[in-house]
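The values are calculated or read from the model by the stated rules, or taken from the named source; none is laboratory data. Bear in mind that the values here come from a model prediction, so they are computed numbers and not experimental data. In this analysis, Cβ positions are derived from the backbone assuming ideal geometry, glycine residues included, and neighbour counts consider all displayed protein chains. Surface accessibility is based on the protein's heavy atoms, side chains included, excluding ligands, DNA and RNA. Shrake-Rupley method; radii C 1.70, N 1.55, O 1.52, S 1.80 Å.
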Amino acid sequence: MSGPIVVTEEQLLGRTPEQLIATILQIQMQHQQYVAHISAQFDAISQQLSDLRGSLVASHQAAASALSSRDPPGRPLIPPPPPQHATTPYSRAPPIPMQTPSRPGRPSAASPPTSSHGFSSRPPAQAQTPQPPGPPQYKYGTVGTVEEVWKEYREGMDGQPAIEELDANWGSRWRPEPRGRTWYSRRKVIWDKIKEHIAEGMGEDDAVKEVERLRDGGTINRLIRMLQDERKDKGGGDDGLAA
(Lines give C-alpha, C1' and ligand atoms only; values in the text may rest on other atoms or scores of the structure.)
Protein backbone atom coordinates (compact mmCIF):
# COMPACT_ATOMS: atom_id res chain seq x y z
CA MET A 1 0.00 0.00 0.00
CA SER A 2 1.46 3.39 -1.01
CA GLY A 3 1.72 6.28 1.41
CA PRO A 4 -0.71 9.23 1.63
CA ILE A 5 -0.82 11.52 -1.38
CA VAL A 6 1.23 14.70 -1.33
CA VAL A 7 -0.37 17.90 -2.62
CA THR A 8 1.88 20.75 -3.66
CA GLU A 9 1.10 24.44 -3.33
CA GLU A 10 0.78 24.82 -7.10
CA GLN A 11 -1.96 22.19 -7.18
CA LEU A 12 -4.00 24.08 -4.57
CA LEU A 13 -3.85 27.45 -6.31
CA GLY A 14 -6.97 28.44 -8.16
CA ARG A 15 -9.27 25.87 -6.47
CA THR A 16 -12.61 26.78 -4.99
CA PRO A 17 -13.27 26.38 -1.24
CA GLU A 18 -15.45 23.32 -1.97
CA GLN A 19 -12.60 21.70 -3.93
CA LEU A 20 -10.12 22.48 -1.16
CA ILE A 21 -12.42 20.92 1.45
CA ALA A 22 -12.87 17.79 -0.70
CA THR A 23 -9.08 17.53 -1.14
CA ILE A 24 -8.52 17.86 2.62
CA LEU A 25 -11.12 15.16 3.35
CA GLN A 26 -9.53 12.84 0.77
CA ILE A 27 -6.07 13.35 2.29
CA GLN A 28 -7.46 12.72 5.79
CA MET A 29 -9.19 9.50 4.70
CA GLN A 30 -6.08 8.16 2.94
CA HIS A 31 -3.97 9.05 5.98
CA GLN A 32 -6.31 7.10 8.29
CA GLN A 33 -6.24 4.09 5.95
CA TYR A 34 -2.45 4.24 5.76
CA VAL A 35 -2.12 4.39 9.58
CA ALA A 36 -4.50 1.42 9.94
CA HIS A 37 -2.49 -0.56 7.36
CA ILE A 38 0.80 0.16 9.17
CA SER A 39 -0.78 -0.81 12.51
CA ALA A 40 -1.96 -4.15 11.07
CA GLN A 41 1.52 -4.89 9.73
CA PHE A 42 3.04 -4.03 13.12
CA ASP A 43 0.61 -6.40 14.91
CA ALA A 44 1.42 -9.21 12.46
CA ILE A 45 5.19 -8.77 12.90
CA SER A 46 4.83 -8.59 16.69
CA GLN A 47 2.84 -11.83 16.68
CA GLN A 48 5.44 -13.57 14.52
CA LEU A 49 8.21 -12.46 16.87
CA SER A 50 6.22 -13.70 19.88
CA ASP A 51 5.64 -17.11 18.25
CA LEU A 52 9.33 -17.36 17.30
CA ARG A 53 10.39 -16.48 20.86
CA GLY A 54 8.09 -19.18 22.24
CA SER A 55 9.50 -21.78 19.83
CA LEU A 56 13.09 -20.89 20.77
CA VAL A 57 12.34 -21.14 24.50
CA ALA A 58 10.63 -24.53 24.04
CA SER A 59 13.57 -25.85 21.97
CA HIS A 60 16.07 -24.65 24.56
CA GLN A 61 14.15 -26.31 27.40
CA ALA A 62 13.91 -29.58 25.45
CA ALA A 63 17.66 -29.61 24.72
CA ALA A 64 18.55 -28.82 28.35
CA SER A 65 16.25 -31.56 29.62
CA ALA A 66 17.74 -34.10 27.19
CA LEU A 67 21.31 -33.27 28.29
CA SER A 68 20.49 -33.46 32.01
CA SER A 69 18.72 -36.82 31.73
CA ARG A 70 21.33 -38.58 29.57
CA ASP A 71 23.19 -41.41 31.47
CA PRO A 72 27.02 -41.35 31.45
CA PRO A 73 28.61 -44.28 29.59
CA GLY A 74 29.39 -47.28 31.81
CA ARG A 75 32.86 -48.56 32.40
CA PRO A 76 34.00 -51.80 30.75
CA LEU A 77 33.30 -54.79 32.95
CA ILE A 78 36.18 -56.95 31.62
CA PRO A 79 37.87 -58.71 34.58
CA PRO A 80 41.65 -58.27 34.96
CA PRO A 81 43.87 -61.15 33.78
CA PRO A 82 44.96 -63.71 36.47
CA PRO A 83 48.47 -63.26 37.91
CA GLN A 84 51.26 -65.31 36.32
CA HIS A 85 53.30 -67.50 38.73
CA ALA A 86 56.89 -68.21 37.72
CA THR A 87 57.91 -71.87 38.10
CA THR A 88 61.37 -73.37 38.45
CA PRO A 89 62.54 -76.96 37.94
CA TYR A 90 62.77 -77.45 41.71
CA SER A 91 59.39 -75.89 42.67
CA ARG A 92 56.51 -78.08 43.61
CA ALA A 93 53.13 -77.81 42.00
CA PRO A 94 50.63 -75.98 44.15
CA PRO A 95 48.12 -78.16 45.99
CA ILE A 96 44.81 -78.73 44.29
CA PRO A 97 42.08 -77.03 46.34
CA MET A 98 39.11 -79.08 47.42
CA GLN A 99 36.00 -78.44 45.36
CA THR A 100 32.95 -77.81 47.51
CA PRO A 101 29.49 -77.42 46.12
CA SER A 102 28.18 -73.88 46.38
CA ARG A 103 24.94 -72.16 45.52
CA PRO A 104 24.91 -70.05 42.43
CA GLY A 105 25.10 -66.40 43.25
CA ARG A 106 21.97 -64.31 42.91
CA PRO A 107 22.35 -61.72 40.15
CA SER A 108 22.32 -58.18 41.34
CA ALA A 109 19.23 -56.26 40.32
CA ALA A 110 21.08 -52.95 40.37
CA SER A 111 23.53 -53.86 37.59
CA PRO A 112 22.27 -52.76 34.17
CA PRO A 113 22.68 -55.13 31.19
CA THR A 114 25.81 -54.58 29.19
CA SER A 115 26.55 -54.93 25.51
CA SER A 116 29.38 -56.86 23.88
CA HIS A 117 31.52 -53.71 23.99
CA GLY A 118 31.27 -53.34 27.73
CA PHE A 119 29.00 -50.27 27.73
CA SER A 120 25.63 -49.97 29.39
CA SER A 121 22.82 -50.87 26.98
CA ARG A 122 20.24 -48.79 28.78
CA PRO A 123 18.79 -46.33 26.26
CA PRO A 124 19.04 -42.67 27.20
CA ALA A 125 15.86 -41.15 28.56
CA GLN A 126 13.88 -39.23 25.98
CA ALA A 127 13.00 -35.70 27.00
CA GLN A 128 9.32 -34.95 26.58
CA THR A 129 8.45 -31.31 26.93
CA PRO A 130 4.71 -30.66 26.69
CA GLN A 131 3.89 -28.15 23.99
CA PRO A 132 1.25 -25.54 24.84
CA PRO A 133 -1.80 -25.77 22.58
CA GLY A 134 -2.28 -23.01 20.04
CA PRO A 135 -5.40 -21.02 19.25
CA PRO A 136 -8.22 -22.85 17.43
CA GLN A 137 -8.69 -22.58 13.68
CA TYR A 138 -11.69 -20.37 12.89
CA LYS A 139 -13.73 -20.64 9.68
CA TYR A 140 -14.84 -17.20 8.55
CA GLY A 141 -18.43 -17.63 7.38
CA THR A 142 -21.08 -15.35 5.89
CA VAL A 143 -24.32 -14.24 7.54
CA GLY A 144 -27.45 -12.47 6.38
CA THR A 145 -28.86 -10.69 9.45
CA VAL A 146 -27.61 -8.55 12.34
CA GLU A 147 -28.92 -11.18 14.75
CA GLU A 148 -26.55 -13.75 13.23
CA VAL A 149 -23.65 -11.30 13.39
CA TRP A 150 -24.30 -10.77 17.10
CA LYS A 151 -24.74 -14.53 17.70
CA GLU A 152 -21.30 -15.15 16.12
CA TYR A 153 -19.84 -12.71 18.63
CA ARG A 154 -21.70 -13.75 21.81
CA GLU A 155 -22.43 -17.47 21.39
CA GLY A 156 -20.72 -18.82 18.27
CA MET A 157 -22.32 -20.45 15.23
CA ASP A 158 -21.97 -23.79 13.40
CA GLY A 159 -20.11 -25.38 16.31
CA GLN A 160 -17.43 -22.68 16.42
CA PRO A 161 -16.41 -20.74 19.56
CA ALA A 162 -17.75 -17.27 20.25
CA ILE A 163 -15.67 -14.34 19.00
CA GLU A 164 -15.94 -12.72 22.43
CA GLU A 165 -14.40 -15.85 24.01
CA LEU A 166 -11.60 -16.01 21.41
CA ASP A 167 -10.69 -12.36 22.02
CA ALA A 168 -10.64 -12.91 25.80
CA ASN A 169 -8.43 -16.03 25.60
CA TRP A 170 -6.13 -15.33 22.63
CA GLY A 171 -6.29 -11.63 21.77
CA SER A 172 -5.47 -11.26 18.07
CA ARG A 173 -3.46 -14.53 17.87
CA TRP A 174 -6.45 -16.56 16.61
CA ARG A 175 -6.67 -14.47 13.41
CA PRO A 176 -3.04 -13.87 12.30
CA GLU A 177 -3.69 -13.97 8.54
CA PRO A 178 -4.75 -10.81 6.61
CA ARG A 179 -8.08 -12.38 5.57
CA GLY A 180 -9.03 -12.94 9.21
CA ARG A 181 -8.10 -9.39 10.19
CA THR A 182 -10.20 -7.92 7.38
CA TRP A 183 -13.17 -10.14 8.27
CA TYR A 184 -12.86 -9.13 11.92
CA SER A 185 -12.61 -5.39 11.21
CA ARG A 186 -15.78 -5.43 9.07
CA ARG A 187 -17.76 -7.38 11.68
CA LYS A 188 -16.51 -5.11 14.46
CA VAL A 189 -18.35 -2.01 13.25
CA ILE A 190 -21.66 -3.86 13.76
CA TRP A 191 -20.64 -5.20 17.19
CA ASP A 192 -19.55 -1.72 18.27
CA LYS A 193 -22.85 -0.20 17.14
CA ILE A 194 -24.82 -2.77 19.19
CA LYS A 195 -22.57 -2.15 22.22
CA GLU A 196 -23.11 1.59 21.80
CA HIS A 197 -26.88 1.16 22.10
CA ILE A 198 -26.44 -1.14 25.13
CA ALA A 199 -24.20 1.45 26.81
CA GLU A 200 -26.98 4.01 26.33
CA GLY A 201 -29.31 1.82 28.42
CA MET A 202 -30.99 -0.25 25.70
CA GLY A 203 -31.51 -4.00 26.22
CA GLU A 204 -29.37 -6.42 24.23
CA ASP A 205 -32.25 -7.75 22.09
CA ASP A 206 -33.56 -4.23 21.48
CA ALA A 207 -30.08 -3.04 20.48
CA VAL A 208 -29.80 -5.85 17.92
CA LYS A 209 -33.24 -4.98 16.53
CA GLU A 210 -32.28 -1.30 16.30
CA VAL A 211 -29.19 -2.06 14.19
CA GLU A 212 -31.27 -4.50 12.10
CA ARG A 213 -33.67 -1.63 11.48
CA LEU A 214 -30.75 0.39 10.09
CA ARG A 215 -30.08 -2.41 7.58
CA ASP A 216 -33.58 -1.77 6.18
CA GLY A 217 -33.59 -4.94 4.08
CA GLY A 218 -30.15 -4.34 2.56
CA THR A 219 -27.15 -6.65 2.71
CA ILE A 220 -24.75 -6.94 5.64
CA ASN A 221 -21.99 -5.47 3.45
CA ARG A 222 -24.12 -2.41 2.75
CA LEU A 223 -24.77 -1.98 6.50
CA ILE A 224 -21.04 -2.26 7.21
CA ARG A 225 -20.21 0.44 4.67
CA MET A 226 -22.91 2.69 6.12
CA LEU A 227 -21.57 2.28 9.67
CA GLN A 228 -18.00 2.85 8.48
CA ASP A 229 -19.04 6.10 6.80
CA GLU A 230 -20.89 7.11 9.95
CA ARG A 231 -17.77 6.49 12.03
CA LYS A 232 -15.61 8.51 9.65
CA ASP A 233 -18.07 11.41 9.80
CA LYS A 234 -17.74 11.37 13.61
CA GLY A 235 -13.94 11.41 13.30
CA GLY A 236 -13.46 7.90 14.77
CA GLY A 237 -11.75 6.38 11.74
CA ASP A 238 -11.65 2.63 11.10
CA ASP A 239 -9.98 1.10 14.16
CA GLY A 240 -11.01 -2.47 13.35
CA LEU A 241 -7.68 -3.49 11.82
CA ALA A 242 -5.75 -2.31 14.87
CA ALA A 243 -7.86 -4.41 17.26
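Give me the percent of accessible area attributable to carbon and sulfur for region 160-243, probe 1.4 angstrom.
Details: 2110 of 4490 Å².
Here it works out to 47 percent.
If each Cα of region 153-228 is one equal point scatterer, what is log10 of I(q)/I(0) from the Debye formula at q = 0.19 Å⁻¹?
-0.93
Can you pick out the pairs among 151/234; 188/232; 209/234; 209/232; 151/188 whose Cα atoms lie more than 18 Å from each other? Don't jump to the answer; show the numbers that get you there.
Details: 151/234 27 Å; 188/232 14 Å; 209/234 23 Å; 209/232 23 Å; 151/188 13 Å.
Where the Cα-Cα span goes over 18 Å, the pairs concerned are 151/234; 209/234; 209/232.
Please get the size of the charge dipole for region 140-181, origin at its Cα centre, with Cβ charges of +1 on Lys and Arg and -1 on Asp and Glu, quoted in debye to the nearest 20.
Values: 6 positive and 9 negative charges, 54 e Å.
Around 260 debye, computed over region 140-181.
What full-extension length gain, to one decimal in nm, is calculated for residue 221 and residue 143 as 0.36 nm per residue of separation minus the Cα-Cα distance? The partial results should precede the final answer.
On the way: separation 78, 0.36 × 78 = 28.08 nm, distance 1.00 nm.
Contour length minus the Cα-Cα distance gives 27.1 nm.
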